[in-house]
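Some notes on the structure that comes next.
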Amino acid sequence: MCVKEHPGTIVTLPAIVSIDEVADEAPDVKTFYLSFVDPAAGAHFAMRSGQFVMCTVFGAGEFAVSLPPSPEQDRLHITVRRAGKVTSALHALGPGDKLGVRGPFGNGFPFDEIKGRNVVYVAGGIGLIPLRSSIVHVLQHRRQFGRIVLLYGARTSRDLLYQQKIREWRQTPGFETFITLDREEPGWGGEVGFVNTLIEKANVPVDNTVAFVCGPPVMFNHVIADLLGRGMSEGAIVSTLERHMKCGIGKCQHCAIGRTLVCTDGPVYTYQQIKTLGEVI
Ligand SMILES: Cc1cc2nc3c(=O)[nH]c(=O)nc-3n(C[C@H](O)[C@H](O)[C@H](O)COP(=O)(O)OP(=O)(O)OC[C@H]3O[C@@H](n4cnc5c(N)ncnc54)[C@H](O)[C@@H]3O)c2cc1C
Ligand code: FES
């Protein structure tokens with residue numbers, strides 16, 4: 001499977017969105033529910049799962065963030081971890097405050113190429129954020145796919161994102177979920193250990209299967225080694241790369257890794273592509 005370049009839309013001015021509601025997801029992670037101030041801007045805003053937008057926090061700066069695809073668009077939202085200056089400024093905002101949204105940008109997930117296959121998600125910590133829209137898409141098109149398996153690991157139970165959503169997803173027939181915590185903790189009756197240990201426990205399929213993997217580099221390396229060890233091909237493993245973005249449209253070269261620009265060629269790549277980029281992992 002090959003993730004193809006898809007030219008980003010040229011959008012240089014942000015549309016204004018209003019924060020409707022803020023929900024705490026985990027320590028330092030919040031979901032912001034948004035609506036377009038100008039309904040016409042909202043009507044023209046269409047994105048595919050795996051793409052991203054540049055979010056402006058006025059007076060602080062801009063950062064890249066994943067958005068949900070249609071049809072969840074009627075409840076537009078971003079889930080953001082407080083990482084530095086701009087995301088901290090966002091976390092200080094609340095209902096009624098305004099943000100800018102520029103995009104959508106990037107190539108998106110290759111759903112047309114994976115119809116008829118099993119889909120395995122392996123997420124570590126906030127790595128579930130960019131995978132969420134893919135899970136929603138696959139569940140909405142359930143009949144086009146074989147087994148759908150989510151393996152999710154977090155440091156503690158407080159760090160598990162989207163717990164209500166996961167309970168809802170579990171109602172979909174054939175959606176298998178395995179969750180683990182790094183360490184045992186009081187009241188946790190589930191799996192303990194790093195997320196890659198779930199690969200064997202879940203007996204994840206490798207034939208006719210695509211794996212979406214997202215998480216911190218150390219987790220990524222273990223998961224890739226285990227998936228390859230089970231016989232999965234490098235081209236069947238898909239991930240999204242994170243680089244600090246400036247323009248988002250392929251002009252400034254800020255996101256360049258070798259000859260690839262993550263904002264326009266990515267952020268979605270196969271492992272086969274990623275491993276040739278050298279400095280990434
Ligand atoms: C396509 C894409 C989608 C994303 N989706 C989400 C999402 O849905 N939710 C979410 O929470 N985050 C997401 N991110 C990450 C998010 O964009 C960053 O966390 C954000 O830029 C942080 O901005 P800041 O100013 O708050 O932090 P900064 O102060 O800029 O830095 C935050 C962290 O990044 C490190 N850093 C600083 N400069 C660089 C650099 N040039 N290259 C690499 N690391 C650097 C710092 O050391 C620090 O640890 C996404 C990133 C990309 C590229
Ligand atoms: S962010 Fe400017 S070229 Fe990618």
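State whether the residues of segment 153-162 include one that is farther than 30 Å from F105 by Cα, over 16 Å from the mean Cα position of the chain (by Cα) and polar (S, T, N, Q). Yes, segment 153-162 has at least one match.
Among the residues of segment 31-80, those identified as under 20 Å from L139 (Cβ atoms), open to solvent by 20 Å² or more (accessible area, probe 1.4 Å) and either within 16 Å of ligand 1 (Cβ to nearest atom) or of a type outside the set (G, A, S) (or both) are R48, S66, P71, E72, Q73, D74, R75. Would you mind telling me which numbered condition in (1) away from ligand 2 (no atom under 16 Å from the Cβ); (2) buried (at least 20 other Cβ atoms within 10 Å of the Cβ) R230 fails? Result: R230 fails condition (2) only.
Scanning segment 130-166 for residues that are in a loop (DSSP other than H, G, I, E, B) and touching a residue at least 40 places away in the same chain (Cβ under 8 Å) yields G146, R147, L160, L161, Y162.
Taken over segment 87-123, the criterion of being within 14 Å of ligand 1 (Cβ to nearest atom) and either assigned to a helix (DSSP H, G or I) or more than 30 Å from T12 (Cβ to Cβ) (or both) is satisfied by T87, S88, A89, L90, H91, A123.
Got at least one residue in segment 22-36 being among the basic types (K, R) and either in contact with a Ser or Thr (Cβ under 7 Å, 6 or more places away or on another chain) or modelled with pLDDT of 90 or more (or both)? For segment 22-36, residues among the basic types (K, R) and either in contact with a Ser or Thr (Cβ under 7 Å, 6 or more places away or on another chain) or modelled with pLDDT of 90 or more (or both): present.
So, in segment 233-251, of the ones that are farther than 24 Å from V204 by Cα and more than 12 Å from ligand 1 (Cβ to nearest atom), which residue ends up most open to solvent (accessible area, probe 1.4 Å)?
Step one: list which residues in segment 233-251 are farther than 24 Å from V204 by Cα, which gives 242-251.
This time we only want the ones that are more than 12 Å from ligand 1 (Cβ to nearest atom), so: 247, 249-251.
Values: C247: 24, I249: 31, G250: 26, K251: 148 Å².
The residue in question is K251.
Working carefully through the options G61, G100, find the one that is of a type in the set (G, A, S) and in contact with a strand residue (DSSP E or B) (Cβ under 8 Å, 6 or more places away or on another chain). Testing whether each residue is of a type in the set (G, A, S) and in contact with a strand residue (DSSP E or B) (Cβ under 8 Å, 6 or more places away or on another chain) leaves just G100.
Residues in segment 56-71 that are more than 14 Å from ligand 2 (Cβ to nearest atom), closer than 20 Å to P95 by Cα and over 15 Å from the mean Cα position of the chain (by Cα): T56, V57, F58, G59, A60.
The values are calculated or read from the model by the stated rules, or taken from the named source; none is laboratory data. Owing to the predicted nature of the structure, the values given are computational and were not obtained by experimental measurement. No Cβ is skipped: glycine too gets one built from the backbone with ideal geometry, and neighbour counts run over all protein chains shown. The area values use the complete protein model at the heavy-atom level, side chains included, leaving out ligands, DNA and RNA. Shrake-Rupley method; radii C 1.70, N 1.55, O 1.52, S 1.80 Å.
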